[in-house]
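Asks: Let me begin by handing over the structure; questions about it come next.
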Amino acid sequence: MNETSSTRVDVRALGIRRALISAAIAMLVFAISQPLFGFYLPSFHLEDCAWNATDVVVVTEGEAIDGKVRVLETWIGEREVGETLSVSGLASFAPPAWREVWDWNRKATGQSVSGRRIVLFLERTKDGWTGAGGEGKYGGIGIASAWIEAGRAYVRSQLEPSGPQRFHESGTEATLRTRTLEIRAAKDELALATKIEDPRERLAALVQIVRGEIRTAIPLAIAEIEKLDPDTASKALKKLLADSDLRSVASLYVAQALIRVVIHDAGPVIVSALERETERWQVPPDASGKTPNKGDADDRADKCQYLIEVLLKAKYPECLPAVARFRRTLETSRELRPYRSTIGYSCDRLEEFYGAAAARGETR
Amino acid sequence: MRSRIRWVRSLAVIALAIGATAGWTFRHYVAESWYLYRLDSSDRSVREKAALELGQLRSRRAVAPLVVLLAEERSSHASDAERPPASPWREALVAIGSRGILELLEEYRAADDATRAEIDALAVGIEPRTEDAPALVAALGRTAESSYREGTQSAPAKMATFRDMLSGLLVELEGSAPYVAGEVEALTRSPDPGVRRSAVLVLRAILEAPGEHLPRLLALLRDEDAGVRTEAAFTLGHFGPKLLGERSATPRVGDDESPVDSTRADVTSELERLRGDSSTEVALTAKWALGRIRSEMNGARRSK
């Protein structure tokens, strides 16, 4: 009798232990999968908003936040000062809790934006006005507006996957305006460039845009360059890639375009660009501790990573010695230390890819 | 004897009346002094209640002790993460707001970097009031580098954030404070380019039309500071439609043009010149302003 009851206790204890282990495993799996499956909500992205907006206006909500706003300034578009607009999405910010400002350390400041002054990036639709940022249900005026308090801009952004979108400080109204005008000027320049009849002049205008700072404009300008005859396009793209001052994003788009236009010639040009970058990283610091990449290390490192990744598509196994040289620099350079794991991973992929391709007997 | 009693009674009534009148007149001062005294209490709850009351009274005298309490609170916590988001001292300073802006500026001037950051963070809560516009304009003037050098601590570059807050608060007043436009225009002559730049953007916000300030705005297009030129160009572009109704900034004798046309000519020729400015920001803004003015002119012509 006693034996039976002790067996029952053991079985129950075993059951509880199993349940606890299962729960622990489930929690572990959940914890591990969180970063993998955590969803990202779009945040305010100035370039996206300013590029797509039909109208950019500074408005005031007045006494109540009800979506009815009065125009104070027009940055882009034809809205008149004093005009009233109805932007339905804004009404959802009536509760102060929705307007709380958080700092970049993910801590509430205890203050809320007021709505006395808001920069709206609007898109005109047949139903009225909508936010020019994001797409579909992930869009909305929340991420297409900058709320101004005492000259500073507060925008909605999500700082962690699955986390909430909240207001965070992001520069001043003055810098926001200057940047908006720059982005729109680039859009206008692109539109003008595409209309230039003389191919040489058109190419010069497009190259100027590729060298510029507006990321949205770069792939569009490159797409226009690709429409030129292949010889002119490949010459222009090669010249661009040979320019050591070309920014990382532009280098990526140019290298990709070059592969599309002249796949067999693209590899050596990309490798030359990578070798030039390797040499820059190898220059020792001068007496004042200055190196060629000081102050610009992030973009330079990104450029190297993009060039290595784009070589995957170049069908150019001869790139491996150059990549090996870069990897040696990557492992020895103190300046490159913060980027070692990410760029090292790209090098691994490339070497694995061409190694496997060689093993399969694939050639150009 | 009786007359003496009557005399004493009359005196007592008069004294009582004077006392009551004085009490009524100085009731805010008395209450403010009482709460300032309570702000020194060793009991935190008493200090918190006093801060709340001083905030409601919008006490200018409370600004300095509240800033001290704010700084003490920050230093008593090892990290920002440990601090509660709500601070009674911050709330009180926000409630006092633009009324105590000159006192806040003095505290900012003398503060260390960490306390300045605390004061900077107040910007999001302060609601400017029209009656405080003169104090805000005066404070803006006092952020000038030259006036700052007279202070005990000299760090003019750090005043830029406070100056931005002041101009931001004035801008939020928009059309409700045109009566300070004269003082603001005077600030466009400040030796400090930061003050000149802020003054232009305030002028743009508080005026409905450039009016008598147009000549000054035109002159600012030739300012030595690129930031000032940018703001002046943006302001003229902003007023684009209104320029159609303005008189000439520089009337020309014997000119066949109408005053309105010559104004447009002045503005557009100056902005055209700025398109070739060495500063990209100025050139870009001038181009934008010209686009605005020309599109309005074309619109006006079409409607004629």
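Asks: For region A:79-84, in order, what is each residue's ³J(HN,Hα) by Karplus, 6.51 cos²θ - 1.76 cosθ + 1.60 with θ = phi - 60°, in whole Hz (x at glycine and Pro)?
Replies: Once θ is set to phi - 60°, the couplings for region A:79-84 become 5, 9, 4, x, 5, 9 Hz.
Asks: So which DSSP H runs in chain A come out at 24 Å plus along the axis (Cα) with average Kyte-Doolittle of at least 0.5?
Replies: Those that clear 24 Å and a mean of 0.5 are A:2-37.
Asks: Further question on the same structure: Using a 10 Å cut-off around each Cβ, can you sort B:F239, A:F93 from fewest to most neighbouring Cβ atoms? Could the numbers behind the result be given before it?
Replies: Numbers: B:F239 27, A:F93 24.
If I rank by nearby Cβ atoms, fewest first, I get A:F93, B:F239.
Asks: Oh, and also: Can you give me the distance in nm between label points at B:E131 and A:T54, each placed 7 Å from the Cα along the Cα-to-Cβ direction?
Replies: For the pair B:E131/A:T54, the computed spacing is 4.5 nm.
Asks: List, in the order given, every pair from A:K187/A:K294; A:K239/A:K303; A:K238/A:K313; A:K238/A:K303; A:K126/B:K287 whose Cα-Cα distance in the structure shown is over 20 Å.
Replies: A:K187/A:K294; A:K126/B:K287
Asks: On alpha-carbon atoms, Rg over Rh for chain A using Kirkwood Rh?
Replies: 1.10
Asks: Within 10 Å of each candidate Cβ there may be at most 13 other Cβ atoms; applying that plus a DSSP loop requirement, which GluC sites (Glu not before Pro) in region A:119-218 survive?
Replies: Answer by residue number: A:E135, A:E197.
Asks: Tell me which residues come under 5 Å, amide H to amide H, from A:S112 once H is placed; ignore anything under 5 positions away on its chain.
Replies: A:V101
Asks: Cα atoms only: what Rg and Dmax, in Å, come out for the protein assembly as shown?
Replies: 32.4, 133
Asks: Please list the radius of gyration and Dmax for region A:54-102, considering alpha-carbon atoms only, with Å as the unit.
Replies: Expressed in Å, the Cα Rg and Dmax of region A:54-102 come to 11.7, 34.
Asks: Using Cα centres only, tell me the gap between region A:201-262 and region B:172-200 in whole Å.
Replies: Comparing the Cα centres of region A:201-262 and region B:172-200, I get a distance of 45 Å.
Asks: While we're on this one: Whole-Hz Karplus ³J(HN,Hα) for region B:183-199, in order, using 6.51 cos²θ - 1.76 cosθ + 1.60 and θ = phi - 60°, x for Gly and Pro?
Replies: Each residue of region B:183-199 in turn: 5, 5, 4, 4, 5, 5, 9, 4, x, 8, x, x, 5, 4, 4, 4, 4 Hz.
Asks: Moving to a separate point now. Grab the beta carbon distance between A:K227 and A:A357, set R0 = 45 Å, and tell me the FRET efficiency rounded to 0.05.
Replies: 0.90
Asks: Modelled label-to-label distance, B:A110 and A:R215, 7 Å Cα→beta-carbon offset: nm?
Replies: 4.7
Asks: If you take the C-alpha gyration tensor of region A:155-220, multiply each eigenvalue by 5 and take the square root, what semi-axes do you get, largest first, in whole Å?
Replies: 34, 14, 8
Asks: If you don't mind, another one. Using each residue's phi in region A:111-119, evaluate 6.51 cos²θ - 1.76 cosθ + 1.60 at θ = phi - 60° and report the 3J(HN,Hα) Karplus result to the nearest Hz, with x for Gly and Pro.
Replies: Those phi angles translate into 10, 10, 6, 9, x, 5, 8, 9, 8 Hz.
Asks: I've got another one for you. Which of A:M27, B:M165, B:M159 has the fewest other C-beta atoms within 10 Å, and how do the rest follow up to the most?
Replies: Neighbour counts put them in this order, fewest first: A:M27, B:M159, B:M165.
Asks: If you don't mind, another one. For A:R340, A:R166, what's the fewest-to-most ordering of other Cβ within 10 Å of each Cβ?
Replies: A:R340, A:R166
Asks: Any chance you could run the full-extension gain for A:Y345 through A:D188? It's 0.36 nm times the residue separation minus the Cα-Cα distance, nm to one decimal.
Replies: 52.6 nm
Taken together, the values in this text are just the output of simple stated rules run on the coordinates, not laboratory data. Every value quoted in this text rests on a predicted model; they were computed, and no experiment measured them. As a convention, Cβ positions derive from the backbone with ideal geometry for all residues, glycine included, and neighbour counts pool all protein chains shown.
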